[in-house]
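Note sheet for the following structure.
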Amino acid sequence: MQALLKKKEIYSSYFATLKYALYVITHPLDGFWDLTHEKRGSLAAANTIVILMLMARIMKLQFTSFLFLKVYWEGINIFLYIASMLSQLVLFCVGNWGLTTLFDGKGKLSQIYMGTAYALTPYPLLQFLMILFSNVVTDEEGAFYFFAAALSIGWTAILIICAMMQIHEYTISKTILFIIASFFAMLVMIFILLLFFSMITQGIAYFVSIMKEIMFRM
């Protein structure tokens, strides 16, 4: 019985932190402050929101009307597609954490990830509606679809700014500056990773060629 009550309490806490995302997206300044400083959020809920975002992106490719989105599935590897989105999220969080740590940022890596994940909430909410909407409107009414698409992206961008501002306790100008810098940090990290894997590949190829040469001479 005690284990059942504890399990029920865990689920209740999880759903409370997940439901809190709805408050965050409508009251971003207070919401993001309480999310991290008052422990109103959770990594489990943040992971759920990221999964919903991935589902929204995949379902958008599959079910959006061809009038608004033409998809050539032959050129899409769904696993690479998911990996690319997750890697962008990870690189942004790591880049932002690395930069802000050097300039008096208050946020931890887990808080940055949580805040970014919660800021993504409007995207799946609107995208799921847009998928249904795209299949019931005509091409002439497509302006409403593209407005909703712009709204989902713009709303998310504003929420990310609010999240970083509250987490790091920066001014809005400093927050925007470091978000832009985080994108440059992402490019640097991608370059370093590509260089690293290139060196590893060349090293392996070199040793393979040596082994082949040894075996040939034997």
Given R₀ = 30 Å, FRET efficiency for GLU9-PHE144 by Cβ-Cβ distance, to 0.05?
0.10
Work from the charge dipole of the range 2-178 (Cβ charges, +1 for Lys and Arg, -1 for Asp and Glu, about the Cα centre) and give the residue of THR100, LEU132, TYR11 farthest towards its positive end.
TYR11
Just to be sure I understand, if you calculate Rg/Rh (Cα atoms, Kirkwood Rh) for this structure, which of [x] 0.93; [y] 1.10; [z] 1.03 do you get?
[y]
What figure, in Å² to the nearest 10, do you get for the accessible area of THR17 with a 1.4 Å probe and non-protein molecules left out?
10
With every protein chain left in place, what is the accessible area per residue of the chain in square angstrom, probe 1.4 Å?
65
Percent of accessible area on the chain owned by carbon and sulfur, 1.4 Å probe?
73
By how many nm would the segment from MET59 to LEU89 lengthen if fully extended, with 0.36 nm per residue of separation less the alpha-carbon distance?
8.9 nm
Order by accessible surface, 1.4 Å probe, largest leading, for residues ASP139, ASP104 comes to ASP104, ASP139
Using only helices, what value at 222 nm comes out for the chain when you add -39,500 (n - 2.57) per DSSP H run of length 4 or more and divide by the total residues, to the nearest 500 deg cm²/dmol?
-28500 deg cm²/dmol
For the range 1-103, run through the chymotrypsin sites (Phe, Trp or Tyr not before Pro) and keep only the ones in DSSP coil with at most 16 other Cβ atoms within 10 Å of their Cβ.
PHE66, TYR72, PHE103
Checked the range 103-200 with the C-alpha gyration tensor, a ≥ b ≥ c its square-rooted eigenvalues, rounded below a/c of 1.5, otherwise prolate if a/b is larger than b/c and oblate if not; verdict oblate
Between SER198 and VAL71, what is the spin-label point distance in nm, taking each point 7 Å from the Cα along the Cα→C-beta axis?
3.3
For GLU38, GLU74, GLU9, give me the order by solvent-accessible area with a 1.4 Å probe, most accessible first, ignoring ligands, DNA and RNA.
GLU74, GLU9, GLU38
Using a 1.4 angstrom probe on the protein heavy atoms only, could you order LEU129, LEU29, LEU159 from most to least accessible area?
LEU129, LEU29, LEU159
Between the alpha-carbon centers of the range 148-171 and the range 70-91, tell me the distance in whole angstrom.
23
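The values are calculated or read from the model by the stated rules, or taken from the named source; none is laboratory data. Remember, it's a predicted structure, so these values are computed and weren't measured experimentally. Heads up, the Cβs are rebuilt from the backbone with ideal geometry, glycines too, and the neighbour counts pull from every protein chain shown. Remember, those area values only see protein heavy atoms, side chains included, never the ligands or the DNA or RNA. Shrake-Rupley method; radii C 1.70, N 1.55, O 1.52, S 1.80 Å.
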